1. Per DSSP H run of at least 4 residues, take -39500 (n - 2.57); add these up for the chain, divide by its residues and hand me the 222 nm value, nearest 500 deg cm²/dmol.
2. Relative to 2.2 N^0.38 Å, what does the C-alpha radius of gyration of the chain come to as a ratio? Two decimals please.
3. Could you give the nm distance between label points at Asn121 and Tyr262, where each point is 7 Å from its Cα heading toward the beta carbon?
4. Could you check how many percent of all C-alpha pairs in segment 2-73 are farther apart than 14 Å?
5. Which angle between 0 and 90 degrees, to the nearest 10, do you get for helix 43-58 versus the longest principal axis of the chain when only C-alpha atoms count?
6. Given points 7 Å out from each Cα along the Cα-Cβ axis, report the Met67 to Lys130 separation in nanometres with one decimal.
7. For a Förster distance of 45 Å, can you work out the FRET efficiency between the beta-carbons of His223 and Lys334, rounded to the nearest 0.05?
8. List the aspartates and glutamates whose Cα lies under 15 Å from the Cα of Lys323, skipping any in the same chain that are fewer than 8 positions away.
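Nothing in this text is a laboratory measurement; each read-out follows from the coordinates by a stated rule. Computed from a prediction, not measured in an experiment: that's the story for all the values here. With ideal geometry, Cβ positions are generated from the backbone for all residues, glycine too; neighbour counts draw on all protein chains shown.
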Amino acid sequence: MKLVTYLRDEADQLAILVNGLLYNTQDLHPDLPNNMQMFLLMWEEVIDIARHVDEQLKSGQHVGSAMGIPYDSVQVLAPVPFPTSCRDGYAFRQHVAAARRNRKVDMIPEFDQYPIFYFTNHNAIQGPGKVYCMPDHFDKLDFELEAAVVICKPGRNITAAEADEYIGGYMIMNDLSARTLQMEEMKLNLGPAKGKDFSTVIGPMLVTPDELEAFKAPPKPGHTGNNYHLKMTCRVNGVQVSEGNMGDMDWTFAEIIERCAYGVNLLPGDIIGSGTVGTGCFLELNGTGKLQDPNYQEQWLQPGDVVEMEIEGLGMLQSTMEKEESDFSLLKLKKV
């Protein structure tokens, strides 16, 4: 099932996407909520109903009073527009190893011992479209190609063996990063924070695990949880800059959830990102390029740039970088 949230009468509307058409959930069945927040809160009560009407729609049946609305005719929002929290993991060894190699430091052995994550600003979650950035954000503005999941039922001390049952679905995540702000604050061993909190883009849809069964792959040896062989790419202004695969995650989402839930309540609506795939950001690409050629010209996102991320089975997420009408700079406030 593919779940989309779009703007309808100035409110968020939940719909099921089938063959390019959106069907409003409450028009499909009276017990289905009309927004993602309630859908996640009522997940165990409504998911079987939703799956049944999804199967009916896919078989060409007319269901309830729902009329199909062309996907391209609406303003698509983040599939989970009001998440309860947002954590981001560090699951791809290739990315971590390359970034450390480019800085001429050894691979950190702790990466292979346990998964980690950080909290980012869940109130800055947004869907496809324009991303408004301040001048300091454009000082080494970077994309980060990731996948993400949303938690669909409450849990605490969840083990990796059972954690996949708490995943409502998968989506693309662009963990945008203002690298100069990020590097400044992390010199003080705190963060990332300000370099990340202006926007995290997710979407364009939430895809339930049953849709991905054909892509299932075993996890890496010694790891636990579902894994999916899904090609990941990123284009900037139509030029492909990144390619990876979700199947290359060393730490599974199940293992990341296990760590997130240790002594903590996870809630429906919590978003958890995978971390950046190998080659999945300019920071890594620039570092690799300069390591191979000292004259390599760094690339960073500029005003007007269009970022298109695709993950097989999860759709395409498009963002356009827009400049705020302000010249205010935090970086210029630094004390000498």
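1. Roughly -5500 deg cm²/dmol at 222 nm, from the helical runs in the chain.
2. Dividing the Cα radius of gyration by 2.2 N^0.38 Å gives 1.00.
3. 2.9 nm
4. 54 percent
5. That helix lies at roughly 80 degrees to the long axis.
6. 3.0 nm
7. For His223 and Lys334, the calculated efficiency is 0.60.
8. Cross-link targets: Asp136, Asp139, Asp142, Asp305.
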